[in-house]
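The values are calculated or read from the model by the stated rules, or taken from the named source; none is laboratory data. The structure presented is a predicted model; accordingly, all values stated were derived computationally and were not measured. Positions of Cβ are generated from backbone atoms using ideal geometry, with glycine treated the same way; all protein chains shown enter the neighbour counts. Surface areas here come from the heavy atoms of the whole protein model, side chains and all, with no ligands, DNA or RNA. Shrake-Rupley method; radii C 1.70, N 1.55, O 1.52, S 1.80 Å.
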Amino acid sequence: MISVDNLAVEFSGTTLFSDVSFVINPTDKIALMGKNGAGKSTMMKIIAGEQKGTRGNVRVPKDAVIAYLPQHLLTEDNCTVFEEAAKAFKHVFNMRDEMDKLNKELETRTDYESDAYMGIIEKVSDLGEKYYALDEVNYDAEVEKALKGLGFKPEDFTRQTNEFSGGWRMRIELAKILLQKPDLILLDEPTNHIDIESVIWLEDFLLNKANAVMVISHDRAFIDNITNRTIEVTMGRIYDYKANYSHYLQLREDRRSHQIKAYQEQQKFIADNMAFIERFKGTYSKTNQVTSRERMLEKLEIIEIDEIDTSSLKLRFPPAPRSGDYPVTVKEVSKSYDEHIVFREANMSIARGEKVSFVGRNGEGKSTMIKAILNEISVEGTCQLGHNVKVGYFAQNQASLLDPDLTIFQTVDEVAFGDIRNQIKNILGRFMFSGDDIDKKVSMLSGGEKTRLAMVKLLLEPVNLLILDEPTNHLDLKSKDVLKEALATYDGTLILVSHDRDFLQGLSQKVFEFKEQRVIEHFETIDAFLERNRIKSIAEINLMK
């Protein structure tokens, strides 16, 4: 059992959170939730031992192992997959190397009676006691077993880590975590930039193989499926729910309703007492009562209402201009780079108004196919856009295409038209731009802010073919909901590439799977496709011993 006791963090006089206490039990699967900037990642780093709080502490049992997977992977690019995974045993190898070094030093020294010589003997003795107390393990065999269980082939072991996509690099980090046999796994946005197959694998691994888990994620399906407890960080404190994310949302709404009622009753109570004080101040016979009520009001702890989601605005894409019957036609298309074949003899036809998903592991050609459709790269075969097709394209690098000299407001204002122009501030608020933020220049924004702004801009442009390549990577749950609602009512043609299952579900009626140099057409909803892949992933996990 790991306990967080009276934890507080302050920056430059500002309190991020204070007096936070909770316990992590051996089988807890915890979602750490809260708006951006609430302190979730900071709290996780403190639990991981990567950072210190201003006050309070984290109590960890002596032999407990905590493994931390940060938002930005730390996998190095100067070693092989096997070498990187073997770093899980770095502490063991360091002990062994230190003993070897000290023993060699003892062989060459002749000052047998000196304090220095005796000090080395004591060090060797201490290290040896710790090292030989460890279970006898064939570390190479353990690394090999973990990597195979995670889907790596023996020929992958000697490849450099930088040859692998984000999803596979995450699996290397997870191999290190698995080999440590941790009591607690901490994951900060683990599903960002990885493909659906990797997300499904991770989910089933955490459910079937992990002990306690704490995760920060904007992937609703992921956190709903793996968690049984939700800790919300809000307004400098926490609320702890024995429930997954969806149930937590209901409980939180109930909590806010009670807070609002209690707040209103307290305000009436204050007003009544203030009226009494004002009426009888200076009246001798009421002096004690007036003084008593004044003191009571001074000591009264004002009820706070948790931050409100004021985002009731629903957005719709402008009506799509009519296009030809088949906005996208792909015939016998192949693409390769030197010796590397991305896909070969791919065919697809996408009808007007159809919503389709491109799915597959990272590196299998989804983004390449989009570039081929848009005629941004040369390919063998034919890619053709239909009559009167107007394309709205959200690329993974869309943020870099914004004009850096415009403000946030100007960027959106130049594409808005009609009545929607009166709602620009509200629209920007839904995507976390509010107050003075809207007057910031694009050049001053972070990568995530630019991505959100590019998405707002796309929402306002009248197009009849929308192509979205990983649009949700930098969107929080509320912003994703806004986008999903808009896409559900969009009357044009949609091609969607995303690893976010909750976002995908209900949005497409056909799936194109990119796999092993082929593009396979599935005449089923994305929900049915994902369920088939989940069954396969569970079978994979069960093969791990």
Residue selected from segment 11-42 under the condition charged (D, E, K, R) and not in a strand (DSSP E or B), by the criterion surrounded by the most Cβ atoms within 10 Å (Cβ to Cβ)
LYS40
Among what's in segment 523-536 and is open to solvent by 60 Å² or more (accessible area, probe 1.4 Å) and part of a helix (DSSP H, G or I), pick the residue that is modelled with the highest pLDDT.
ASP527
Output for segment 389-414, where each listed residue is touching a residue at least 40 places away in the same chain (Cβ under 8 Å), surrounded by 16 or more Cβ atoms within 10 Å (Cβ to Cβ) and hydrophobic (A, V, I, L, M, F, W, C):
VAL389, VAL391, PHE394, ALA395, ALA399, LEU402, ILE408, VAL412
Would you say ILE373 is loosely packed, with under 12 Cβ neighbours inside 10 Å and either closer than 30 Å to ASP476 by Cβ or assigned by the TED database to the domain that holds GLU461 (or both)?
no
Are any of the residues in segment 62-80 aliphatic (A, V, I, L, M) and touching a Ser or Thr at 6+ places or on another chain (Cβ under 9 Å)?
no
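Specify which of the listed residues (GLU173, GLU122, GLU107) is of a type in the set (Asp, Glu), in a helix (DSSP H, G or I) and surrounded by 19 or more Cβ atoms within 10 Å (Cβ to Cβ). Before you say what the answer is, go through the steps one by one.
Working: GLU122 fails: surrounded by 19 or more Cβ atoms within 10 Å (Cβ to Cβ); GLU107 fails: surrounded by 19 or more Cβ atoms within 10 Å (Cβ to Cβ).
Going through GLU173, GLU122, GLU107 in turn, the sole match is GLU173.
State whether the residues of segment 45-68 include one that is modelled with pLDDT under 85 and touching a helix residue (DSSP H, G or I) at 6+ places or on another chain (Cβ under 9 Å).
No, that holds for no residue.
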Please report, ordered by residue number, the strands (runs of 3 or more DSSP E) entirely within segment 287-388 with at least 1 residues that are without any contact (Cβ under 8 Å) to a residue 40 or more places away in the chain.
328-337, 340-350
Can you find a residue that is modelled with pLDDT under 90, within 30 Å of LYS457 (Cβ to Cβ), among the acidic types (Asp, Glu) and surrounded by fewer than 16 Cβ atoms within 10 Å (Cβ to Cβ) anywhere in segment 293-311?
yes
Scan segment 483-490 and give yes if some residue there is over 21 Å from TYR393 (Cα atoms) and either at pLDDT below 90 or polar (S, T, N, Q) (or both), otherwise no.
no
So how many residues does segment 177-191 have that are assigned to a helix (DSSP H, G or I), farther than 16 Å from GLU203 by Cβ and open to solvent by 30 Å² or more (accessible area, probe 1.4 Å)?
1
For the structure I just gave you, tell me whether ARG361 is under 19 Å from PHE514 (Cα atoms), open to solvent by 40 Å² or more (accessible area, probe 1.4 Å) and of a type in the set (D, E, K, R).
yes
In this structure, is THR472 modelled with pLDDT of 85 or more and not acidic (Asp, Glu)?
no
Can you spot a residue in segment 193-205 that is of a type in the set (Ser, Thr, Tyr), in a helix (DSSP H, G or I) and without any contact (Cβ under 8 Å) to a residue 12 or more places away in the chain?
no
Does at least one position in segment 98-111 carry a residue that is under 30 Å from SER198 (Cα atoms) and not basic (Lys, Arg)?
no
GLY53 fails exactly one of the following numbered conditions: (1) under 18 Å from GLN180 (Cβ atoms); (2) crowded, with 17+ Cβ neighbours inside 10 Å; (3) of a type outside the set (Ser, Thr, Tyr). What is the number of that condition?
(1)
Would it be correct to say that LYS331 is loosely packed, with under 14 Cβ neighbours inside 10 Å and among the basic types (Lys, Arg)?
yes
Report yes if ARG322 is open to solvent by 80 Å² or more (accessible area, probe 1.4 Å), among the basic types (Lys, Arg) and under 22 Å from ILE526 (Cβ atoms), otherwise no.
no
If THR158 satisfies all but one of (1) at pLDDT 90 or above; (2) closer than 25 Å to HIS499 by Cα; (3) outside the structural domain of VAL60 (by the TED database), what's the number of the condition it fails?
(2)
Tell me, which strands (runs of 3 or more DSSP E) lie completely within segment 428-522 with 1 or more residues that are crowded, with 16+ Cβ neighbours inside 10 Å and of a type in the set (Phe, Trp, Tyr)?
510-515
Pairs only if they're at least six apart or on different chains, beta carbon under 7 angstrom, first in segment 515-530 and within 19 Å of VAL342 (Cα to Cα), second open to solvent by 30 Å² or more (accessible area, probe 1.4 Å) and part of a strand (DSSP E or B); list them, first residue then second.
GLN517/ILE341; GLN517/ARG344
Can you name every residue in segment 394-429 that is charged (D, E, K, R), over 10 Å from LEU460 (Cβ atoms) and at pLDDT below 80?
ASP419
Subset of segment 417-427 [touching a helix residue (DSSP H, G or I) at 6+ places or on another chain (Cβ under 9 Å) and in a loop (DSSP other than H, G, I, E, B)]
none
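With open to solvent by 60 Å² or more (accessible area, probe 1.4 Å) and in contact with a Lys or Arg (Cβ under 7 Å, 6 or more places away or on another chain) as the only criterion, which of LYS268, LYS281, LYS242, LYS261 stands out?
Going through LYS268, LYS281, LYS242, LYS261 in turn, just one is open to solvent by 60 Å² or more (accessible area, probe 1.4 Å) and in contact with a Lys or Arg (Cβ under 7 Å, 6 or more places away or on another chain): LYS242.
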Screening GLY236, GLY151 for residues that are open to solvent by 10 Å² or more (accessible area, probe 1.4 Å), on the phi > 0 side of the Ramachandran plot and in contact with a strand residue (DSSP E or B) (Cβ under 8 Å, 6 or more places away or on another chain) leaves only GLY236
